[in-house]
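Undergrad: One structure follows; several queries about it will come next.
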């Protein structure tokens, strides 16, 4: 059985890192091969590294303000033949690793993503879920958990190093590479990503709609070539969220 490396980027995630690792360990029990867990501590000033090591993860450190570079740092040091990525506040279901290994072993698939299930629901979160499902169904660019052979990530140059929408860009790169190899980019059928609602809990369930309405001028300027306001907003929402 091929070894799997699970990469977890983490910025001050002491409240969530343990449950993420525990979900991976639970999934590892259903997989016959070796599984290593790598936590990439990105500018952490809390107990994330200590807690991750206590739960058996390998910890490395990174200072980039780009989630793609953080993931790539983990991929670079990974020992596994198969790479799986998951964000530190999310969880995987028990059959995830087994299903990933099985799909790759068929040689039909280059890699893929996972359907997303929120850990709680409300009307705006149902709408968010519906939009995600529609987007995935139309584009086929499934995100959430990413998985592929390490050699595949190396072939495409790792995650596309953008501050935002890097997941979509990387899915496109994997899909295009798979097409050249006669393989499909796909999605897990039996397992899902359990998506954290902690930002909605903190800032309200209409968070992203409100952000778009409140910052419409920022998005217009970015579309016209001035990204300074957008970069500040991305830092606030993603890279400086847990100060």
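Undergrad: For region 103-122, does any single residue satisfy the condition of being within 20 Å of residue 86 (Cβ to Cβ) and assigned to a helix (DSSP H, G or I)? Reasoning before the result, please.
TA: First pass over region 103-122, keeping only residues within 20 Å of residue 86 (Cβ to Cβ): 103-104, 109-120.
Then keep just the ones that are assigned to a helix (DSSP H, G or I); that gives 103-104.
Checking region 103-122: at least one residue is within 20 Å of residue 86 (Cβ to Cβ) and assigned to a helix (DSSP H, G or I).
Undergrad: If you don't mind, there's one more thing I want to ask. As an exercise: evaluate residue 12 against (1) surrounded by fewer than 21 Cβ atoms within 10 Å (Cβ to Cβ); (2) part of a helix (DSSP H, G or I) and give the number of the one condition it does not meet.
TA: Failed condition: (2).
Undergrad: In addition: I need the full set of residues from region 219-229 which are within 15 Å of residue 163 (Cβ to Cβ) and modelled with pLDDT under 75, in order please.
TA: Within region 219-229, 219, 222 meet the criteria.
Undergrad: Please state which one of 17, 24, 8 is at pLDDT 95 or above, within 18 Å of the chain's Cα centre (by Cα), assigned by TED's automatic domain parsing to the domain that holds residue 93 and closer than 23 Å to residue 168 by Cα.
TA: 8
Undergrad: Can residue 39 be described as within 19 Å of residue 65 (Cα to Cα) and either in contact with a helix residue (DSSP H, G or I) (Cβ under 7 Å, 6 or more places away or on another chain) or modelled with pLDDT under 95 (or both)?
TA: Details: within 19 Å of residue 65 (Cα to Cα): yes; either in contact with a helix residue (DSSP H, G or I) (Cβ under 7 Å, 6 or more places away or on another chain) or modelled with pLDDT under 95 (or both): yes.
For residue 39, the condition - within 19 Å of residue 65 (Cα to Cα) and either in contact with a helix residue (DSSP H, G or I) (Cβ under 7 Å, 6 or more places away or on another chain) or modelled with pLDDT under 95 (or both) - is met.
Undergrad: I've got another one for you. Kindly indicate which of 116, 86, 67 is under 21 Å from residue 163 (Cα atoms) and at pLDDT below 95.
TA: Of 116, 86, 67, the one residue that is under 21 Å from residue 163 (Cα atoms) and at pLDDT below 95 is 67.
The values are calculated or read from the model by the stated rules, or taken from the named source; none is laboratory data. On a predicted model such as this, the values are computed, not experimentally measured, just so you know. For neighbour counting, all protein chains shown are included, and Cβ atoms are generated from backbone atoms with ideal geometry for every residue, glycine included.
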